[in-house]
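Structure record follows, encoded as structure tokens.
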Amino acid sequence: MLVQNKFESMCGIVAYIGSREAYPVVLKGLKRLEYRGYDSAGIAIINKGLKAYKKQGKVANLEDELVGKEMHSHICIGHTRWATHGEPSDRNAHPHLSGDSKLAIVHNGIIENYAQLKHELKNQGHIFKSDTDTEVLVHFIEEIRNSNFCSVEEALRIALKRVVGAYVILLIDQDNPDTIIAARKGSPLVIGIGKGEHFLASDASPIIEYTKEVVYVNDYELVILRADELILKNSSNEIQTPYIQKLDMELATIEKGGFDHFMLKEVFEQPQTIFDSLRGRLDASKGTLNMGGLSEYAGVLKDAKRIIIVACGTSWHAGLVAEYMIEELCRIPVEVEYASEFRYRNPVVGPGDVIIAVSQSGETADTLVAIESAKEKGAIILGICNVVGSSIARLSHAGAYTHAGPEIGVASTKAFTAQLAVLCLVGLMVAKEKGTITAQRFQHLLDELDAIPDKVTSILALNEHIKIIARKYKDARDFLFLGRGYNFPIALEGALKLKEISYIHAEGYPAAEMKHGPIALVDENLPVVFVATKDTYYEKVVSNIQEIKARKGKIIAVVTEGDQVIPGMADDVIFIPEADELVAPIISVIPLQLLSYHIGVLKGCDVDKPRNLAKSVTVE
Ligand code: F6R
């Protein structure tokens, strides 16, 4: 099984209190939040006692389960879960109940010190039914309430002083059926204000059809919500005046976080998602690296006679970058295989081989079958997946989640950069174990990784500049993407992104390979994108640019800030921050994602759902 690390989840939260039937309002709200991605859903109501219902899978599964049940209630909390602690299952879905089943909680976020709290609570006799951090929290609140003889509100306030992490919490109490208590730190929470009714949700999309008056709850605030009363308190228990805002957004805009498309939203999420993929694993200030359960396989990786990376599409490109990283850092031969080819060609594989399966969805049929047969032949399977509890994650002996959160845009963006970050950590872990890296280089690369999120932020600031470039080349019939070394797979990824999103024919090549064929395509109508950052290959790439220039090709160059040579040769330049060549692909791909996006939009393409493509390819 894959190891689950700390991760701010993308779960959805909805609640209602007021004169309407609460369950249908919450159910509809949960459906509105489906775009966020989730793996299970649940609700709790109070009607002759507290009742909680939860189900793995779609909200519709939960709905089916509840047909015919007595669901009358004027209070309801609901949740869609994207698994972080514990695999997706009915048992791990929210709401979770206290030991006496009087309190129900839904929670979005992470309780980083849940293991310590769980240990203490177990010693006090608490029994847990799930693997979640959330259940620990509700038991902790119950324990404080019982031992301090205080209200649930007070118990929550005390509990939160000990909780480390990010959260939005909603609590209901069977003995107080007219109140919802909520708290927030680090995860979003919106209150909708109606007439004699209130709504709560992770974003305004479940609320907007009922009211446009909302209050955004701030970090460390506690909310006591009744049908006709909203009390907001700070962590010192002082009453705050709610700042009521009027929403003037459309529903679709809210779901996309104000961006026009999910793809753009996901591109812009990358400073956070890359940070999340490193969080809890990398501590540059202490010079440490911790890969959870994967660390147990560091010895196996170190002794592997070779590593075979199997993947498809964008994930295969991440595998190619990892080949460069792992061979350089660990001196272990790495092969990168298209899963679809690997599975059919009766590969020579067996004990001593380590297979790394890279997959965003964790459900790609080709990758899944490829690792199944390699596992049968005795290879060790490690998974790098984004979706927790996915088939590839379950089939793997061990692995690491990429923690990029749900990726809705069909074209992979944030999952790719998270894959690169995690694969780099794997390379560093093995190199350290094997002694193939000096302490100084190890620390340098930890620092370099640590600096990536900020560098991505500065590249995103070039969005408008890249849009202007996109406008200039949007009518080209073909594109060529070239790079060498670590940037060669990025050239492939740039070409794939452009093909998918804009339907323009594009090819990626190693820059030097161009003269063996593709150069025949070059004329004044062909835009050639060079990924030409300052690295070992720089001088060689400059020569390749000259070769294109001599044939009148149009050159768009992604270069390192401060470069004074290539800008003098290129038609258009995108400067990105300096980075060690080993981690540079994580940032050099960002301008290419934006270029594809803008060209796709300018050409009127459906960038979130390109024709003929599916997000998860579960057929051969
Ligand atoms: C490209 C893209 C696909 C996927 C490929 C593998 O933008 O999204 O090429 O990368 O289908 O999917 P996963 O990573 O889910 O195995």
Any residue in region 450-464 that's more than 13 Å from L592 (Cα to Cα): show its pairings with residues that are aromatic (F, W, Y) at Cβ separation under 6 Å, as long as the two are six or more apart or on different chains.
P453/F275
Could you please give the count of residues in region 597-616 that are among the small types (G, A, S), within 14 Å of the ligand (Cβ to nearest atom) and at pLDDT 95 or above?
1
For A557, work out the one condition from (1) in contact with a strand residue (DSSP E or B) (Cβ under 6 Å, 6 or more places away or on another chain); (2) part of a loop (DSSP other than H, G, I, E, B); (3) among the small types (G, A, S) it doesn't fulfil.
(2)
Residues in region 562-585: is at least one within 16 Å of the ligand (Cβ to nearest atom) and within 35 Å of the chain's Cα centre (by Cα)?
yes
Take G409 and tell me if it is modelled with pLDDT under 95 and in contact with a His (Cβ under 9 Å, 6 or more places away or on another chain).
yes
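Per-residue answers, yes or no, for (1) open to solvent by less than 10 Å² (accessible area, probe 1.4 Å); (2) over 18 Å from C312 (Cα atoms); (3) more than 21 Å from the chain's Cα centre (by Cα); (4) within 14 Å of the ligand (Cβ to nearest atom):
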position	(1), (2), (3), (4)
R345	no, no, yes, no
V358	yes, no, no, yes
G362	yes, no, no, yes
S373	no, no, yes, no
E376	no, yes, yes, no
R394	no, yes, no, no
Restricting the first residue to region 238-249 and requiring it to be open to solvent by 100 Å² or more (accessible area, probe 1.4 Å), which pairs with a second residue that is among the charged types (D, E, K, R) and at pLDDT 90 or above meet a Cβ separation below 8 Å and a spacing of at least six or different chains?
I239/K233; K246/K212; K246/E213; D248/K212
Single unsatisfied condition, S130 versus (1) touching a strand residue (DSSP E or B) at 6+ places or on another chain (Cβ under 8 Å); (2) of a type in the set (S, T, Y); (3) without any contact (Cβ under 8 Å) to a residue 24 or more places away in the chain:
(3)
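Every residue, every condition in (1) away from the ligand (no atom under 16 Å from the Cβ); (2) of a type outside the set (G, A, S), yes or no:
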{"position": "F259", "(1), (2)": "yes, yes"}
{"position": "F268", "(1), (2)": "yes, yes"}
{"position": "S277", "(1), (2)": "no, no"}
{"position": "L294", "(1), (2)": "yes, yes"}
{"position": "C312", "(1), (2)": "no, yes"}
{"position": "W316", "(1), (2)": "no, yes"}
{"position": "Y324", "(1), (2)": "yes, yes"}
{"position": "E328", "(1), (2)": "yes, yes"}
{"position": "P333", "(1), (2)": "yes, yes"}
Determine if region 173-191 includes at least one residue that is farther than 24 Å from V26 by Cα and open to solvent by less than 10 Å² (accessible area, probe 1.4 Å).
no
Can you give me the ranges of the helices (runs of 4 or more DSSP H) entirely in region 435-545 with at least 1 residues that are away from the ligand (no atom under 16 Å from the Cβ) and surrounded by fewer than 21 Cβ atoms within 10 Å (Cβ to Cβ)?
439-460, 463-473
Just name the residue that is nearest to the ligand (Cβ to nearest atom) out of those in region 402-415 that are of a type in the set (A, V, I, L, M) and buried (at least 24 other Cβ atoms within 10 Å of the Cβ).
A411
Just to be sure I understand, how many residues within region 67-76 are out of contact with any helix residue (DSSP H, G or I) (no Cβ under 7 Å at 6 or more places or on another chain) and under 17 Å from A15 (Cβ atoms)?
1
Every listed condition ((1) away from the ligand (no atom under 15 Å from the Cβ); (2) not in a helix (DSSP H, G or I)) holds for G399 save (1)
Residue list for region 378-388, filter: within 16 Å of the ligand (Cβ to nearest atom) and either assigned to a strand (DSSP E or B) or more than 14 Å from the chain's Cα centre (by Cα) (or both):
I381, L382, G383, I384, C385
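The values are calculated or read from the model by the stated rules, or taken from the named source; none is laboratory data. Please read these numbers as outputs of a predicted model, since none were measured by experiment. FYI the Cβ positions are ideal-geometry reconstructions off the backbone, even for glycines, and counts take in every protein chain you see. Calculation scope for accessible area: heavy atoms of the full protein, side chains included, ligands and nucleic acids excluded. Shrake-Rupley method; radii C 1.70, N 1.55, O 1.52, S 1.80 Å.
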